[in-house]
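Accompanying notes for the structure given below.
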Amino acid sequence: MNAQPANRSLPYHLKVCGLTKLNQIEDLIAMKVSFLGFIFYEKSPRYVLNHLTLEDISKIDHHGKTGVFVNEEINKIVEIAEKAELHFIQLHGDESNDFIVELREKLKPEIKIIKVIRIGSNTAEGKNRIIQIFKNQSETDHPQPISYYLFDTDSKAFGGTGKQFDWTLLNDFEIPLPYFLSGGISEENIGNIEHLKQKPFALDINSKFETEPGNKDTSRIEKLIASFPIKTPTSSTVKYQIKQAKDLTEIETEHILKLWNISSWDTMKPDYFRVFFNKSEFHFLLDLHENILALIRLNFDFALEISGEKLSFAEAVGLVSAYKKKGYGAKLVELFRQHVVRENIETLGFCHKELRPFYEKCSIELLYDKAKAIKESIDSEWINSEDDDILIFHVSEKRKELLSQLSDQNNAYLITKE
């Protein structure tokens, strides 16, 4: 089962790091904090094994238990992850790309890796560090081993300083994965997050909310949660859900068909619907009463032939919102993209040029006019696709390059279709 943080009442997930006390952990769970951070770095004043055992941590009933490691041996990380039943591994040291790839291979697949990028006062040096890490990840021959980045203030102590780096530096980059923002976050500066072009997936707080190292001021954390500005739509009023076609109820299949409004499918019965879409999963944005606000289908029965090579993708298709101009479609696209990136599902989609502004606003990369070079077989005849653009939700650089080279003289052929 994939480790997924619980829904929150904030626009961003919250991670509280440097935990050492079980009573405070219970309080944070009651506050619905998404990630609980335990530091396994012996030189840290918040070294968790000075206070709790691995068995203590394993018994904590939470799906966001995160172990923080600094230049630790791979086998030691794997051992601790298994004994403490961790869901996330945060690498806060100088771990190389080869190290991360090997660690990914040895960890259970459901355990996700968070790679920390430490940023100091030297802006140029910080930018170069970000560029190099992004470059190393894009050039790897292995599946993406990292699920998240975490940006923190650089220090000899590897974090926990309470100092803030220049967050606006992040506006110079297109960050390829969901990310955590850390480094001196407090009530005084948290509003500055709104100036970031690409918003964080989660906020990471630590020393600013302590009375002493490892002793959290839970009342301040609770006030932070209560006072933070809420966006619309927020996870307090909507829920993200994924279902396989076989698990859809009769009411759900009827609602989906109604939203799609495709005349040839109007009479499709629930049993046939489940069979027809048996290689798809459905992603929903739901309200508190489980009503569908928006939906998108992820089709796994999809492949293209390019230059004689068959390439399988997941296809995002059938995006529709139950209400216009409410932001539900954009919210679902955001959550959907985070999911396929987190699960490393190579996913593309297609759109007509009229929808370009919508996807551009959603920060989805478009390969303009490249869908026209894809041919489909209709009645044994190859014809050009009716779509204009290819949408890149999560595609490797190598495959993206192949797609960007499509033209009237260099076609792709749809060889798998429902």
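The values are calculated or read from the model by the stated rules, or taken from the named source; none is laboratory data. On a predicted model such as this, the values are computed, not experimentally measured, just so you know. As a convention, Cβ positions derive from the backbone with ideal geometry for all residues, glycine included, and neighbour counts pool all protein chains shown.
With respect to the conditions (1) out of contact with any Ser or Thr (no Cβ under 6 Å at 6 or more places or on another chain); (2) under 23 Å from LYS279 (Cβ atoms); (3) not charged (D, E, K, R), VAL340 lacks only one, and its number is (1).
Could you count how many residues in the stretch 397-412 are loosely packed, with under 15 Cβ neighbours inside 10 Å and either assigned to a loop (DSSP other than H, G, I, E, B) or of a type in the set (Phe, Trp, Tyr) (or both)?
3
Scanning the stretch 50-108 for residues that are touching a helix residue (DSSP H, G or I) at 6+ places or on another chain (Cβ under 9 Å), assigned to a helix (DSSP H, G or I) and among the polar types (S, T, N, Q) returns SER58, ASN75, ASN97. Beta carbons closer than 7 Å, at least 6 apart along the sequence or on distinct chains, pair a first residue in the stretch 193-220 that is crowded, with 21+ Cβ neighbours inside 10 Å and part of a helix (DSSP H, G or I) with a second that is at pLDDT 90 or above and not hydrophobic (A, V, I, L, M, F, W, C) for PHE209/LYS216; PHE209/ASP217; PHE209/ARG220. Is it the case, given these coordinates, that LEU391 is under 19 Å from LEU298 (Cα atoms), assigned to a strand (DSSP E or B) and in the same structural domain as LEU285 (by TED's automatic domain parsing)? Against the criterion (under 19 Å from LEU298 (Cα atoms), assigned to a strand (DSSP E or B) and in the same structural domain as LEU285 (by TED's automatic domain parsing)), LEU391 qualifies.
Set side by side, the residues VAL70, VAL101 differ, and just one is buried (at least 16 other Cβ atoms within 10 Å of the Cβ), β-branched (Val, Ile, Thr), in contact (Cβ under 8 Å) with a residue 40 or more places away in the chain and in contact with a Gly (Cβ under 8 Å, 6 or more places away or on another chain), which is VAL70.
When restricted to residues that are within 19 Å of ILE345 (Cα to Cα), touching a Ser or Thr at 6+ places or on another chain (Cβ under 7 Å) and touching a residue at least 24 places away in the same chain (Cβ under 8 Å), the stretch 267-323 contains 8.
Residues that are in contact (Cβ under 8 Å) with a residue 60 or more places away in the chain, touching a Pro at 6+ places or on another chain (Cβ under 9 Å) and outside any helix (DSSP H, G or I) do not occur anywhere in the stretch 359-376. The residues listed here are SER385, SER363; of these, the one that is surrounded by 14 or more Cβ atoms within 10 Å (Cβ to Cβ) and more than 20 Å from LEU311 (Cα to Cα) is SER363. Considering only residues of the stretch 278-318 that are hydroxyl-bearing (Ser, Thr, Tyr) and surrounded by fewer than 19 Cβ atoms within 10 Å (Cβ to Cβ), which is farthest from LYS331 (Cα to Cα)? Checking each candidate, the answer is SER307.
As for the stretch 323-334, it holds no residue that is of a type in the set (A, V, I, L, M), in contact with a strand residue (DSSP E or B) (Cβ under 8 Å, 6 or more places away or on another chain), surrounded by fewer than 19 Cβ atoms within 10 Å (Cβ to Cβ) and in the same structural domain as SER307 (by TED's automatic domain parsing).
Against the test of being modelled with pLDDT under 90 and closer than 17 Å to ASP204 by Cβ, the options GLN90, GLN164, GLN137 yield a single qualifying residue, GLN164.
Note on the stretch 16-33: among residues that are within 21 Å of the chain's Cα centre (by Cα) and over 18 Å from ALA81 (Cα atoms), the one that is modelled with the lowest pLDDT is LYS32.
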